[in-house]
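As structure tokens, the structure follows; a few thoughts come after it.
The values are calculated or read from the model by the stated rules, or taken from the named source; none is laboratory data. Quantities reported herein were computed from a predicted structural model and do not represent experimental measurements. Note that each Cβ is placed from the backbone with ideal geometry, even for glycine, and that neighbours are counted across all protein chains shown. Accessible surface is based on the protein model in full, side chains and every heavy atom, while ligands, DNA and RNA are left aside. Shrake-Rupley method; radii C 1.70, N 1.55, O 1.52, S 1.80 Å.
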Amino acid sequence: MILDVRKVSKQYLHADGPVDALRDVDLQIPEGRFVTITGPSGSGKSTLLLSLGGLIRPTSGEMFFHGAALHAMSDNELAAFRREHVGFVMQNFSLVPYLTALQNVMLPLVWGQDGKEAQRAKAASILDGVGLGGRVNHLPRELSIGQQQRVAIARAFANDPDLILADEPTGNLDPSLSNDILTLLDELNREHGTTVVMVTHSPEAARRGNVRVHIDDGRIVEHEDSVAAEPVVAGA
Amino acid sequence: MSLFKLVWLELLHRKSQVLSGLLAITLGIGVIVGIQSVTRVSEIAVAIRLDNLGANILVLPQAASVDDYYTADIDAPTMPEDFVERILTSTLPGVDNLSPKLTRRTEVNGRKVVLTGITPANEIASKPVWQSAGLVGADLTLTCDPNSEANKSLGYKDERLQRKAVESLPEGSSIVGSAAAVRLGLSEGSTFTVPERSEDATAPPTEREFQVAKVLPETGTIDDDRIFVNLKDAQAVFGIHDQVSAIEIMGCCNAISAGLLSQLRNILPDTRITTVKQLVSTQLDTNRLMQKVSLSFLVIVLIVGAISIGNYIWANVNERRKEIGILRMIGAPKSNIYGMLFGKAIILGLVGGVLGYLLGTAAGVILGPELAGLNVPPVPIYLLWAVLLSLAAALLGTLVPAWLAGRIEPFANMQEV
């Protein structure tokens with residue numbers, strides 16, 4: 001089990017009262033799966049994803065990554081966990097605007113052991129793998145949104161993570177580009193065996209996963225494991 | 001890719017922001033360097049002008065009182081003239097001029113008057129008011145400023161450096177105070193006689209004739225009622241050879257506060273040494289005031305500089321919330337975020353310090369002669385202080401924004417949670 005979530009709850013304190021984003025969530029994710037999490041807006045799916053990535057701390061419950069207790073880690077330990085084991089792909093791409101595609105992909109390698117040339121070679125190779133070999137020196141604003149999301153995916157894979165967490169990665173893309181991005185994630189999942197957990201609004205995109213979780217009002221209401229993944233078509 | 005390169009790329013990306021931040025710190029440092037450069041030269045000028053006020057230390061015979069010095073009683077104690085030589089050969093730092101004198105009451109034209117024997121070059125050198133009457137005294141060297149040679153290039157008028165020696169007040173010549181001249185009916189070129197005590201006490205006194213070389217302008221001091229003649233003449237007239245009644249010293253006020261009096265007492269144990277307190281305290285107070293003004297500017301610039309840099313870094317942090325969130329998301333620990341912000345502050349501090357030094361120095365060199373009438377030379381050591389001050393202001397100003405940046409959550413880059 002790469003991730004083991006036990007009775008996790010998360011409560012936000014707002015001016016007009018506390019809001020329960022997650023309520024006693026239990027979820028076990030085997031290694032190498034493509035997990036999709038769906039649910040209506042405000043259902044808690046993004047909160048669950050952030051908790052899995054150690055970006056926020058649950059109010060109660062336990063979370064384990066390969067047996068390591070995420071819920072008990074310090075800020076610095078969580079930062080180390082993220083840079084060593086997790087890659088993130090966000091709806092807004094989350095690229096640093098003044099870094100080129102190559103430099104954005106090199107970013108997670110700053111904390112690694114590789115020298116500058118090795119970093120550069122690795123980042124260039126990954127960008128080549130996502131079809132951006134000719135765009136390495138372009139700034140994000142010089143790339144199309146589809147290309148920007150490819151750079152984000154390349155960056156997510158730069159540090160050879162065990163886990164990719166994707167939050168609405170196709171939310172800003174048209175159906176054709178969405179299909180390309182989902183296919184890319186799918187290929188990387190299959191080729192590298194990297195576990196992918198993807199939050200999406202789209203039922204079509206969700207069908208790409210072989211583990212499908214539906215969440216509503218902070219609770220998991222559906223959990224299908226080892227289902228056959230379907231290819232995503234235009235309109236996803 | 002390294003964190004330093006990341007900082008550098010970010011600086012290049014936001015050139016206008018960096019320039020405005022740099023401008024703020026450069027101006028701040030420039031102002032303090034400029035003011036400090038002018039103040040430094042002004043301090044020297046003021047110190048010299050204060051020293052120009054005249055003698056500020058009195059050496060009197062052990063048995064004499066300060067009252068004796070002013071009243072010039074006929075029996076007032078005296079001391080050997082070679083005490084002057086003893087001070088001169090001691091090469092004490094801070095002794096700028098020595099004026100030995102012998103003062104006694106006598107009679108001229110049947111009226112009582114005080115006759116003072118002086119060594120003219122030294123006496124005139126210590127009395128700026130006399131010089132306005134056209135008298136010039138000895139060349140003096142400033143002992144309170146180690147760069148006294150450099151003072152000549154500073155542009156201000158150091159009266160002592162400009163005075164030329166009068167070879168002598170020839171025997172038989174005199175300088176007469178304004179009130180004494182009126183009272184005795186004396187004018188330049190006229191003559192008068194004073195009784196001369198013979199070596200032989202039983203012999204009747206003889207008369208010695210003096211010609212008035214100069215009538216002093218009114219000074220408002222005891223000098224107005226006195227007649228000044230060559231020390232040798234006075235010693236002969238009063239029959240007190242090789243003796244003086246007082247030695248006036250122009251001492252550098254800094255040297256006085258550093259213990260000049262006790263050093264003089266060591267050399268001349270059988271004398272009474274005192275300061276003209278009002279003069280010395282004025283000199284010391286003025287020096288302290290100048291130092292306080294400098295310190296005030298330093299504190300103001302440090303605070304204003306820190307606020308300027310803090311404001312820039314704060315705005316920068318707010319603008320980069322999403323970017324900092326990205327870095328935190330992919331695993332940058334808080335220490336890296338602090339390091340990047342302080343790294344940027346160090347770069348700004350270093351560059352701002354150097355530019356501020358150049359700006360302030362240029363302003364001093366160019367504007368000093370125009371605004372203050374002083375030549376303000378560059379002070380290389382200020383480069384070090386400018387950089388240190390600039391770094392301190394930049395780092396101080398970054399403390400709060402860095403703390404706020406550390407509180408940015410790693411999911412701050414997401415659109416919604």
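The table for this structure:
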quantity: Options A:27, A:22: the member that is among the hydrophobic types (A, V, I, L, M, F, W, C) and within 14 Å of another protein chain (Cβ to nearest Cβ); calculated: A:22
quantity: Search result, residues across the stretch A:169-183 that are surrounded by fewer than 20 Cβ atoms within 10 Å (Cβ to Cβ) and either among the basic types (Lys, Arg) or modelled with pLDDT of 85 or more (or both); calculated: A:183
quantity: Tally of residues being in contact (Cβ under 8 Å) with a residue 60 or more places away in the chain and either within 20 Å of residue B:231 (Cα to Cα) or open to solvent by 100 Å² or more (accessible area, probe 1.4 Å) (or both) across the stretch B:181-213; calculated: 4
quantity: Cβ-Cβ under 7 Å pairs, at least 6 apart or on other chains, the stretch B:307-335 side within 14 Å of another protein chain (Cβ to nearest Cβ), far side surrounded by fewer than 17 Cβ atoms within 10 Å (Cβ to Cβ) and not in a helix (DSSP H, G or I); calculated: B:325/B:409
quantity: Matching option when the condition is open to solvent by 20 Å² or more (accessible area, probe 1.4 Å), at pLDDT 85 or above and either within 30 Å of residue B:96 (Cβ to Cβ) or not in a loop (DSSP other than H, G, I, E, B) (or both), among B:6, B:23; calculated: B:23
quantity: Some residue of the stretch B:322-331 being open to solvent by 20 Å² or more (accessible area, probe 1.4 Å) and part of a helix (DSSP H, G or I); calculated: yes
quantity: Total residues in the stretch B:177-206, condition hydrophobic (A, V, I, L, M, F, W, C) and more than 22 Å from residue B:222 (Cα to Cα); calculated: 2
quantity: In the stretch B:216-250, the residues that are out of contact with any helix residue (DSSP H, G or I) (no Cβ under 6 Å at 6 or more places or on another chain), farther than 22 Å from residue B:268 by Cβ and of a type in the set (Asp, Glu); calculated: B:223, B:233
quantity: Condition broken by residue A:63, with the remaining ones in (1) surrounded by fewer than 22 Cβ atoms within 10 Å (Cβ to Cβ); (2) away from every other protein chain (no Cβ under 14 Å) satisfied; calculated: (1)
quantity: Residue A:43 vs. criteria closer than 17 Å to residue A:7 by Cα and either within 14 Å of another protein chain (Cβ to nearest Cβ) or surrounded by fewer than 15 Cβ atoms within 10 Å (Cβ to Cβ) (or both); calculated: yes
quantity: Candidates A:156, A:166, A:123, filtered to the one that is at pLDDT below 95, at the interface with chain B (Cβ under 10 Å from one of its Cβ atoms) and within 30 Å of residue A:59 (Cβ to Cβ); calculated: A:156
quantity: Test: residue in the stretch A:5-21 that is under 25 Å from residue A:183 (Cα atoms) and not aliphatic (A, V, I, L, M); calculated: no
quantity: Subset of the stretch A:1-32 [more than 18 Å from residue A:215 (Cα to Cα) and either open to solvent by 80 Å² or more (accessible area, probe 1.4 Å) or not hydrophobic (A, V, I, L, M, F, W, C) (or both)]; calculated: A:1, A:13, A:14, A:15, A:16, A:17, A:18, A:30, A:31, A:32
quantity: Positions within the stretch A:66-85 being away from chain B (no Cβ under 14 Å) and either surrounded by 15 or more Cβ atoms within 10 Å (Cβ to Cβ) or closer than 22 Å to residue A:109 by Cα (or both), in sequence order; calculated: A:71
